[in-house]
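**Q** There's a structure below that I have some questions on.
The values are calculated or read from the model by the stated rules, or taken from the named source; none is laboratory data. A quick note: this is a predicted structure, and the numbers were derived from the prediction, not measured. Here Cβ is always computed from backbone atoms with ideal geometry, including for glycine, and neighbour counts include all displayed protein chains.
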Amino acid sequence: MLDQAYPPRLAEGWDSVGLVCGHPESEVTHVLVCVDVTAEVVDAALARGAQLVIAHHPLLLRGVDTVAASTPKGVLIHRLIRGGCALFTAHTNADRARGGVNDALAAALGLEVTGPVEYLDAPLHLDRWGVMVPPAQADEVLAAMFEAGAGEVGEYSECAWRVDGVGQFRPGDDANPAIGSARELTTLDETRIELVAATSHRERVARALRDAHPYEEPAHDIVELVGGEREWGLGRVGNLSEPMTLAAFTAHVADALGAPARAAGNPEALVRTVAVCGGAGDSLLGAVGSLRVDAYVTGDLRHHPVDEHLRAGGPAVVDAGHWGTEFPWCATVAELLWPYLDVAVHDAPTDPFTVRAAPGADA
């Protein structure tokens with residue numbers, strides 16, 4: 001169920017997702033969902049008798065060559081195993097998946113999502129070909145078009161559709177018809193075949209069609225397809241139900257997420273369209289700058305990238321912290337599993353920054 005909701009194939013190549021410890025066949029009745037696996041989270045999981053912890057951040061990721069109980073992370077793994085509790089991680093795959101981290105963040109902010117900040121795949125430009133051909137030559141013409149690159153849809157090849165009907169034509173005086181005579185109306189059985197091909201293959205598919213088709217002038221049409229479903233990647237873009245100033249929106253973000261928020265930009269500028277990326281999102285500043293959004297909500301923003309982003313005319317940014325922008329996902333995992341399991345969310349912040357102070361009035 002978790003792999004279906006957050007497919008491992010969506011994870012970055014460097015990431016570590018899936019079952020960290022525990023047996024895949026073990027029975028699970030009680031689950032604890034969290035952002036980070038800390039000692040307090042393990043305490044809470046074992047106290048409630050959980051057989052599974054679902055975490056967003058991998059406990060084991062970079063440079064791990066031991067899980068000895070004498071190491072900070074190793075001791076947590078040992079405690080989980082001794083307590084009969086498995087650990088499962090959904091990280092960048094949950095960031096990208098529909099209904100994952102970024103959709104949860106957008107929903108928490110009241111955004112109506114219109115798309116991602118980034119797509120995983122490039123735009124696919126396709127033509128749809130429709131060809132009329134005598135039934136006896138349909139397979140030959142299809143084979144030639146397939147050889148030229150037509151009929152490929154994702155992981156499938158030689159994809160086509162066909163239907164039989166009756167065609168007609170009247171050759172002109174200078175025509176040299178393969179069937180019929182000049183100036184005489186000719187009707188005959190024909191098969192219409194339809195298939196798609198990349199627009200970049202149009203010339204070679206047309207050449208293959210002409211070479212294989214028995215008619216002097218092959219009857220065909222080409223329709224350039226617009227859009228098409230693409231796989232969503234990181235981030236989401238959406239609209240607020242009502243515009244508000246950046247100052248008011250920043251307060252809204254803090255209230256909605258239950259986390260401190262800071263913003264960079266004109267406090268009085270109106271915010272209508274918003275991009276979001278849970279966690280550390282400064283890698284998307286360039287992509288966000290090319291979108292027509294008024295603000296970008298993320299976490300872990302640094303001084304110089306933000307300064308350069310604003311100098312380049314990018315939208316306002318709101319930093320609500322790493323934990324604050326990813327925590328809403330925990331509730332969506334719980335909602336996914338509640339019909340089947342006893343699920344709890346560890347809602348005590350695991351943000352390592354636990355003390356905050358502002359300058360006094362006289363500072």
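**Q** Take the residues in the stretch 207-248 that are under 16 Å from the mean Cα position of the chain (by Cα) and among the basic types (Lys, Arg); name whichever of them is surrounded by the fewest Cβ atoms within 10 Å (Cβ to Cβ).
**A** Arg230
**Q** Pick out the one residue from Tyr340, Tyr296 that is outside the structural domain of Val271 (by TED's automatic domain parsing) and either more than 19 Å from Ala275 (Cα to Cα) or touching a helix residue (DSSP H, G or I) at 6+ places or on another chain (Cβ under 8 Å) (or both).
**A** Tyr340 is the lone residue from the list that is outside the structural domain of Val271 (by TED's automatic domain parsing) and either more than 19 Å from Ala275 (Cα to Cα) or touching a helix residue (DSSP H, G or I) at 6+ places or on another chain (Cβ under 8 Å) (or both).
**Q** Return the residues of the stretch 149-179 that are surrounded by 15 or more Cβ atoms within 10 Å (Cβ to Cβ) and in contact with a Phe, Trp or Tyr (Cβ under 7 Å, 6 or more places away or on another chain); say none if nothing qualifies.
**A** The answer is Ala150, and nothing else.
**Q** Report, by residue number, each residue of the stretch 92-114 that is farther than 12 Å from Leu234 by Cβ and not charged (D, E, K, R).
**A** Residues satisfying the conditions are Gly99, Ala104, Ala106, Ala107, Ala108, Leu109, Gly110, Leu111, Val113, Thr114.
**Q** Listed residues Thr89, Thr38; which is surrounded by 14 or more Cβ atoms within 10 Å (Cβ to Cβ), under 30 Å from Val237 (Cα atoms) and at pLDDT 95 or above?
**A** Thr89
**Q** Determine whether the stretch 56-76 contains at least one residue that is in a loop (DSSP other than H, G, I, E, B), of a type in the set (Lys, Arg), closer than 21 Å to Leu120 by Cα and out of contact with any Gly (no Cβ under 9 Å at 6 or more places or on another chain).
**A** No; the residues of the stretch 56-76 include none that is in a loop (DSSP other than H, G, I, E, B), of a type in the set (Lys, Arg), closer than 21 Å to Leu120 by Cα and out of contact with any Gly (no Cβ under 9 Å at 6 or more places or on another chain).
**Q** When you check Arg96 against the structure, is it basic (Lys, Arg) and surrounded by 16 or more Cβ atoms within 10 Å (Cβ to Cβ), yes or no?
**A** Working: basic (Lys, Arg): yes; surrounded by 16 or more Cβ atoms within 10 Å (Cβ to Cβ): yes.
Here the answer is yes, as Arg96 does meet what is asked.
**Q** Search the stretch 301-326 for residues being within 15 Å of Val276 (Cα to Cα) and among the acidic types (Asp, Glu), and hand back the single one that is surrounded by the most Cβ atoms within 10 Å (Cβ to Cβ).
**A** Applying the filter and picking the extreme gives Glu326.
**Q** Check the stretch 336-350 and report whether any residue there is among the polar types (S, T, N, Q), in contact (Cβ under 8 Å) with a residue 40 or more places away in the chain and touching a Leu at 6+ places or on another chain (Cβ under 8 Å).
**A** Within the stretch 336-350 (the criterion being among the polar types (S, T, N, Q), in contact (Cβ under 8 Å) with a residue 40 or more places away in the chain and touching a Leu at 6+ places or on another chain (Cβ under 8 Å)), the answer is no, since none of the residues qualifies.
**Q** Hey, among the residues in the stretch 188-239 that are small (Gly, Ala, Ser) and free of Cβ contacts under 8 Å to residues at least 60 places away in the same chain, which one's nearest to Ala275 (Cα to Cα)?
**A** That would be Gly227.
**Q** Same structure, new question: Let me confirm something: among Leu285, Leu291, which residue is hydrophobic (A, V, I, L, M, F, W, C), free of Cβ contacts under 8 Å to residues at least 40 places away in the same chain, surrounded by 16 or more Cβ atoms within 10 Å (Cβ to Cβ) and over 20 Å from Ala90 (Cα atoms)? Please lay out each step first, then the result.
**A** Details: Leu291 fails: free of Cβ contacts under 8 Å to residues at least 40 places away in the same chain.
Only one candidate passes the filter, namely Leu285.
**Q** Is it fair to say Trp329 is of a type in the set (Phe, Trp, Tyr), touching a helix residue (DSSP H, G or I) at 6+ places or on another chain (Cβ under 6 Å) and either buried (at least 17 other Cβ atoms within 10 Å of the Cβ) or without any contact (Cβ under 8 Å) to a residue 24 or more places away in the chain (or both)?
**A** When the stated conditions are applied, Trp329 passes them.
**Q** Can you name every residue in the stretch 122-171 that is in a helix (DSSP H, G or I), more than 15 Å from Thr199 (Cβ to Cβ) and in contact (Cβ under 8 Å) with a residue 60 or more places away in the chain? Outline the logic, then answer.
**A** Initially, the stretch 122-171 is screened for residues in a helix (DSSP H, G or I), giving 135-147.
Among the residues that remain, those that are also more than 15 Å from Thr199 (Cβ to Cβ) are: 135-144, 146-147.
The answer is Gln137, Glu140, Val141, Ala143, Ala144, Glu147.
**Q** Next up: Which residue is surrounded by the most Cβ atoms within 10 Å (Cβ to Cβ), if the candidates are limited to the stretch 180-202 and must be more than 33 Å from the chain's Cα centre (by Cα) and outside any strand (DSSP E or B)?
**A** So the residue we want is Gly180.
**Q** Taking the condition touching a residue at least 40 places away in the same chain (Cβ under 8 Å) and of a type in the set (D, E, K, R), does Asp300 pass?
**A** No, not satisfied.
**Q** Output yes when any residue across the stretch 328-341 is under 24 Å from Ala251 (Cβ atoms) and assigned to a loop (DSSP other than H, G, I, E, B), and no when none is.
**A** No, that holds for no residue.
**Q** From the residues in the stretch 332-344 that are under 13 Å from Val35 (Cα atoms) and aliphatic (A, V, I, L, M), which one is surrounded by the most Cβ atoms within 10 Å (Cβ to Cβ)?
**A** Only one residue tops the list, namely Val333.
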